[in-house]
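Inspection log for the structure reproduced underneath, given as structure tokens.
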Amino acid sequence: VLLHFGAALTRRVPYNTNEMKKEDLDIDGVIEKCLEVKGGKPGKLVQVSEGQLRALCTSVREVFLSQSALLELEAPLKICGDVHGQYHDLLRLFEYGGFPPESNYLFLGDYVDRGKQSLETITLLFAYKAKYPENFFLLRGNHECASITRIYGFYDECKRRYNIKLWKLFCDVFNCMSVCAVVDEKIMCMHGGLSPEINDFKQISKLVRPTDVPDQGLICDLLWADPDKD
């Protein structure tokens with residue numbers, strides 16, 4: 001079982017939901033809907049109602065903000081890399097490693113863009129995070145960012161299948177995600193790499209969220225860490 005977390009410094013930024021009647025989240029219903037295509041032909045779409053997606057974003061946003069930007073985790077858990085909208089591959093991964101809560105997971109980011117089913121992918125991952133907050137962990141990748149998803153596919157998928165407002169809601173949740181994890185006080189995990197600005201882990205745990213990804217600095221390095229051309 002995964003337990004302790006460091007203290008998180010957060011600021012709550014509400015968003016306007018007055019334009020659409022709020023729905024109570026049926027988390028089991030969302031997960032069941034997402035898993036309807038399990039074992040079927042790859043590429044079949046899962047269309048969760050917009051109201052449930054909004055309720056899911058609201059719920060998982062609070063979960064992310066309740067946990068530290070730096071997660072302190074304990075083994076055993078399975079650590080997984082980029083998914084990039086490959087929903088069928090995500091389902092195969094769970095079939096191989098065990099569907100939550102059978103196994104504990106830490107994903108390292110880049111859930112959306114490039115693949116054809118970013119919505120299914122992020123919906124199932126967010127649903128598991130909301131249902132099993134202390135056993136299922138999602139770090140932010142450099143593609144969990146409005147400016148990147150605007151270019152690489154997630155924006156277009158949301159616009160085509162739902163609307164731009166839903167994309168903005170997902171991006172608001174991305175701004176609340178943790179950016180780093182330490183497993184058993186030995187293994188440091190992040191999407192990008194180490195930052196020269198890190199002198200103490202407390203710097204990460206004190207990061208203020210929600211936040212966009214800046215062009216430089218600690219968060220940028222943890223999510224990108226791309227070599228400079230110079």
### Message
Net charge around residue 73, counting only other residues with Cβ within less than 12 Å of its Cβ (Lys, Arg = +1; Asp, Glu = -1)?
### Response
-3
### Summary
By the Cα gyration tensor axes a ≥ b ≥ c (a/c under 1.5 gives rounded; else a/b larger than b/c gives prolate, otherwise oblate), the shape of region 179-230 is oblate
### Task
Below 28 Å Cα-Cα, how many Lys pairs turn up in region 94-204? Only count pairs eight or more apart in sequence, or on different chains, if you could.
17
### Summary
Here the net charge surrounding residue 154, from other residues whose Cβ is less than 10 Å away from its Cβ (Lys, Arg +1; Asp, Glu -1), is -1
### Task
May I ask you to derive the FRET efficiency for residue 188 and residue 99 from their Cβ-Cβ distance with R0 = 41 Å, giving the value to the nearest 0.05?
0.90
### Task
Find the percent of Cα-Cα distances in region 21-157 that exceed 28 Å, and round it to a whole number.
10
### Longest DSSP-loop-exposure-free segment, trypsin sites (Lys or Arg not before Pro), the chain, at most 14 other Cβ within 10 Å
45-185
### Query
In whole Å, what is the distance between the alpha-carbon centres of region 36-50 and region 60-90?
22
### Message
For a test of the definition: using alpha carbon positions, the gyration tensor, and the 1.5 limit on a/c, classify the chain as rounded, prolate or oblate.
### Response
rounded
## Note on the structure
At q = 0.11, 0.15, 0.21, 0.23 Å⁻¹, the log10 of I(q)/I(0) for region 88-164 from a Debye sum over equal Cα scatterers comes to -0.29, -0.54, -0.97, -1.09
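Where a number appears in this text, it was derived from the coordinates with a stated rule and is not lab data. On a predicted model such as this, the values are computed, not experimentally measured, just so you know. When we count neighbours, we look across all protein chains shown, and the Cβ atoms used for this are built from the backbone with ideal geometry, even at glycine.
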